Amino acid sequence: MVSALLAVAHVAIFVTLGLRVIWRRRPVGVTIAWLGVIVVAPFLGAISYFLFGESRLGNRIERRMKDLLPAYREWLMKPRDAKADWAGLPPDPLCIHDLGVRTVGIPALGGNRIVLFGDSMEAFRAIIADIDAARESVHMEFYIWDTGGMADEVAAAAVRAAKRGVTCRLLLDSIGSEDFFASHVARELREAGVRVVEALPASLLRSFVVRADHRTHRKIVVVDCKIGYTGSLNILDPREFKVSKGLGQWVDAMARVEGPAVEALAIAFVGDWELATDEGLPAIGSMVKSPARAGTANVQVIPSGPGYAQEAIHKLILTAIYAARSELILTTPYFVPSDALLTAIVSAAERGVDVAVILPAHNDSMLVHHAGRSTFDELLAAGVKLYAFEAGLLHTKSITVDGHTSVFGSVNLDMRSFYLNFEISLFIYDREFTGKLRDLQHGYVGGSRRIDPGEWAGRPLRFRFVENCVRLLGPLL
């Protein structure tokens, strides 16, 4: 009797959830992966699907995003002295830019000056110096804020700014910065007048109403709406963060921006702050201004995540890869490409583009590590150069195309970044910055071991089996 009831329950769960999964019309790989999970482990699979299978931001956030996005786009499309200058660039980047305008509604803004920091300590020192020079506002948004080392020095700079009357707002992800919210550093910031707010609060009870793995993964600093930062660096000291994992120091990069594009970064922060606080845009919108031109770089700021144009960042990265004519270099810590992304990279190599993919040799996520390695056979067969970075955990997310176009920010090349996380990316149409980013990427190659196709083909069968099994879960990672 018990066996019969379990069998009936199994079939009922599969049919009910299977129909729902198919009805949602997600990417085919995601649909098949969930159907497989429900078949193999119907009861656990049902619970997993209920918690993580559908995009549920919560009624309040979904409603607010619908209200905010039109105003956001209108704000960015307003006339300003920041028209992009395409002289000296080939026509190829225009297809990327135009797709960004059509899908997200955000154009490239010209007249920017960008400084690249390939060293975390240098980036921290620059951020601290700019906070110490702030006169009106300091806005910061991060996934992780840890305590200790340079992170505490950034906090001290924010305390100093608040005490001299600067409006300081700090928005941190609920899960990524969970320990920080209860720390003495957070208490000191609040006591000094810094607004410290939890983005996308998560708890066991809330997970039954709101999907818990929608996270704020953005890294943004905006000072006086004149200077902006973004990239891969969280507020943590790489000399101290997760040292017990044995992965080495985390290796990150940040870009410091001056010019009209800072307004787009500021608006991205303001929108996220409003989602978290419901303060009302007029109350904080006064801190968003149109900065004067400061350089010559064209920068298109692309926010992405649930509630934005579906698959926008995925489409833009695919377009950038297909636009490559001679060289394509990609760096990411988490490499679980969709079928479309894998095909784009393979196609680039097969049509003669010099393609290099640089990944950390060791990763803090074993599932992601094995899922990424399961694609190496196709990549190596196509002639893609694969590099395993051995001088730490490479955390920089970057793409350079033909020496004139860069994609730089917080987006990893995995399904989580494309569909679940709130991310921020800079599409930079500028030879000077792209050249500097390309030099940084080549520096990573210098700290890497190139994966030999012959050696890779001869790896033990048990590794291949594990990689192929994990690959089935790739669409869910």
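Only the coordinates and a few stated rules stand behind these numbers; no lab work does. Here the structure is a predicted model, which is why all the values come from computation and not from measurement. Because the Cβ atoms are built from the backbone with ideal geometry, glycine has one as well, and the counts that use them run over all protein chains shown.
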For Lys242, the aspartates and glutamates lying under 12 Å Cα to Cα, once residues fewer than eight places off in the same chain are dropped, come out as Asp146, Asp364
Here, trypsin sites (Lys or Arg not before Pro) of the range 121-167 satisfying both criteria (DSSP loop; at most 10 other Cβ within 10 Å) are Arg164
Pseudo-spin-label distance Arg164 to Lys289, built 7 Å along Cα→Cβ, given in nm, is 1.7
Note: probe point = Cα of Asp85 + 7 Å toward Cβ; backbone nitrogen < 20 Å; residues of the range 429-445 passing the test are 429-436
Each label sits 7 Å from Cα toward the beta-carbon; between Glu350 and Glu378 the label points are separated, in nm, by 1.0
Taking R0 as 41 Å and r as the Cβ-Cβ distance between Val101 and Ala182, the FRET efficiency 1/(1 + (r/R0)^6), rounded to the nearest 0.05, comes to 0.45
Stretched fully, the stretch from Ala309 through Thr343 gains (0.36 nm per residue minus C-alpha distance, one decimal, in nm) 10.0 nm
Over 23 Å (Cα to Cα) among Lys245/Lys315; Lys219/Lys397; Lys219/Lys436 -> Lys245/Lys315
Here, Met366 and Asp439, labelled 7 Å along Cα→Cβ, have an inter-label distance in nm of 4.1
Between Trp456 and Asp119, Cβ-based FRET efficiency (R0 35 Å, step 0.05) works out to 0.65
